[in-house]
């Protein structure tokens, strides 16, 4: 969990960070549509889980978009060298658990490393949330082609981890797409940065 402390006094976003840090709810959300035609075809051709495929590409885009690796820790702002995935995992009984998937240099390594964690979470009945901030909180709603989404929140607990949710994949005129909801802390991430992240994710999914 290598990280670097940001000098807030000389940070170009000091004013924005200090302003949004005073709000009870500094998070905001944006929903976009991602073309996943190429990604789906490639995953199926290679016999890979489409869910793990797009989860990895989303995580890869976060590595390449620095504000998505920044976190508020106490009175400090830090930037992690790498961030990882904390995702809901569907269980056979219709419930879900939380899985933790470390970032890997390649998709193939990520898929291999994910298998024991998937099996472990699917075999339990509890909800385990690790006290880590070097995470992006993911969820998937493959039943809904949503156009907006909100999250349950605990306002008394300060949080700065991005929350990304994926919706139902649909097909129109031969192209596959799915909605993606992105919630971020405005003290760290502006609309410009969300746009950069979405562009990067879309490029990786192409």
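The values are calculated or read from the model by the stated rules, or taken from the named source; none is laboratory data. Small disclaimer: the values here were computed from a predicted structure and weren't measured. Heads up, the Cβs are rebuilt from the backbone with ideal geometry, glycines too, and the neighbour counts pull from every protein chain shown.
If only residues of segment 184-206 that are in contact with a strand residue (DSSP E or B) (Cβ under 8 Å, 6 or more places away or on another chain) and in a loop (DSSP other than H, G, I, E, B) are counted, the one that is farthest from residue 13 (Cα to Cα) is 206. Output yes when any residue across segment 30-49 is in contact with a strand residue (DSSP E or B) (Cβ under 9 Å, 6 or more places away or on another chain), surrounded by 13 or more Cβ atoms within 10 Å (Cβ to Cβ) and farther than 26 Å from residue 147 by Cα, and no when none is. No, segment 30-49 has no match at all.
Any residue in segment 188-206 that is farther than 26 Å from residue 102 by Cβ and surrounded by 12 or more Cβ atoms within 10 Å (Cβ to Cβ)?
In the first step, residues of segment 188-206 are kept if they are farther than 26 Å from residue 102 by Cβ; the result is 190-192, 195.
Checking which are surrounded by 12 or more Cβ atoms within 10 Å (Cβ to Cβ) leaves us with 190, 195.
Yes: one or more hits.
Scan segment 164-179 and tell me whether some residue there is within 25 Å of residue 22 (Cβ to Cβ) and at pLDDT 95 or above. Checked segment 164-179: no residue is within 25 Å of residue 22 (Cβ to Cβ) and at pLDDT 95 or above. Within segment 112-135, the set of residues being under 22 Å from residue 81 (Cβ atoms) and either in a loop (DSSP other than H, G, I, E, B) or within 19 Å of the chain's Cα centre (by Cα) (or both) comprises 113, 114, 117, 130, 131, 132, 133, 134, 135.
Scanning segment 151-183 for residues that are loosely packed, with under 10 Cβ neighbours inside 10 Å and in a loop (DSSP other than H, G, I, E, B) yields 152, 154, 155, 156, 157, 173, 174.
Here residue 109 fulfils each of the conditions (1) part of a loop (DSSP other than H, G, I, E, B); (2) free of Cβ contacts under 8 Å to residues at least 12 places away in the same chain apart from (1). Regarding segment 51-74, can at least one residue be identified that is in a loop (DSSP other than H, G, I, E, B), at pLDDT 95 or above and on the phi > 0 side of the Ramachandran plot? Checked segment 51-74: no residue is in a loop (DSSP other than H, G, I, E, B), at pLDDT 95 or above and on the phi > 0 side of the Ramachandran plot. Of all the residues in segment 167-206, those that are in contact (Cβ under 8 Å) with a residue 12 or more places away in the chain and out of contact with any helix residue (DSSP H, G or I) (no Cβ under 9 Å at 6 or more places or on another chain) number 7.
Within the group 70, 48, which residue is more than 16 Å from residue 178 (Cα to Cα) and touching a helix residue (DSSP H, G or I) at 6+ places or on another chain (Cβ under 8 Å)? Before the answer, list the steps.
Numbers: 70 fails: touching a helix residue (DSSP H, G or I) at 6+ places or on another chain (Cβ under 8 Å).
After ruling out the rest, the residue left standing is 48.
Picking from residues in segment 152-166 that are without any contact (Cβ under 8 Å) to a residue 40 or more places away in the chain and within 17 Å of residue 26 (Cβ to Cβ), the one that is nearest to the chain's Cα centre (by Cα) is 152.
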